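All remarks here apply to the structure that follows.
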Amino acid sequence: MKTEEIIIANLKCNGCATTIKRELLGINGVKTVAVDIDKDAIDLTYDDNVERSTIISKLLSLGYPEATEKNGLLLQLKSYTSCMIGKVHNL
């Protein structure tokens with residue numbers, strides 16, 4: 001079992017957090033996901049057979065790249081879409 005904190009870009013609100021949690025928990029082997037909006041961080045626990053690159057790819061596809069990665073306009077727009085979807089799920 002691995003525990004990790006990933007610092008991401010474009011994290012804005014609880015809508016973002018809801019989408020991130022739902023999508024990461026959908027990856028087989030991811031056990032827990034906690035999003036800290038104030039720190040722009042995700043704390044997660046996952047099985048040893050889960051590749052970190054799978055998690056990073058999922059975050060990138062949602063518009064939330066690691067803070068160390070390039071963050072262009074397209075990723076920022078994706079994050080707004082993911083945010084709105086999360087807000088809808090919070091209703």
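What is the chain's relative contact order, in percent, from Cα pairs under 8 angstrom and six or more apart in sequence?
It comes to 39 percent, rounded to a whole number.
If the cut-off is a Cα-Cα distance under 18 Å, which lysines reach residue 12, setting aside same-chain residues fewer than 8 apart in sequence?
Here the lysines satisfying the reach criterion relative to residue 12 are 21, 39, 58, 70, 78, 87.
Within the set of other residues whose C-beta is less than 13 Å from the C-beta of residue 14, count the net charge using Lys and Arg as +1 and Asp and Glu as -1. Intermediate values should be presented prior to the final figure.
Values: positive: 12, 21, 22, 87; negative: 36, 38.
Local charge sum for residue 14: +2.
Could you work out [θ]222 nm for the chain from helices alone, using -39500 (n - 2.57) per DSSP H run of at least four and dividing by all its residues? Round to the nearest 500 deg cm²/dmol.
-14500 deg cm²/dmol
Please compute, over every Cα-Cα pair in the chain, the percentage with a separation greater than 18 angstrom.
Distances greater than 18 Å cover 37 percent of the Cα pairs.
Considering the chain as a Gaussian network with a 10 Å cut-off on Cα pairs, which listed residue, 51, 23, 66, attains the greatest mean-square fluctuation?
Of 51, 23, 66, the Gaussian network model singles out 51 as fluctuating most.
Each reported figure results from applying straightforward, stated rules to the coordinates on display, with no laboratory input. Everything numeric in this text was worked out from a predicted model, so none of it was measured. All Cβ positions, even for glycine, are placed from backbone atoms using ideal geometry, and neighbour counts span all protein chains on display.
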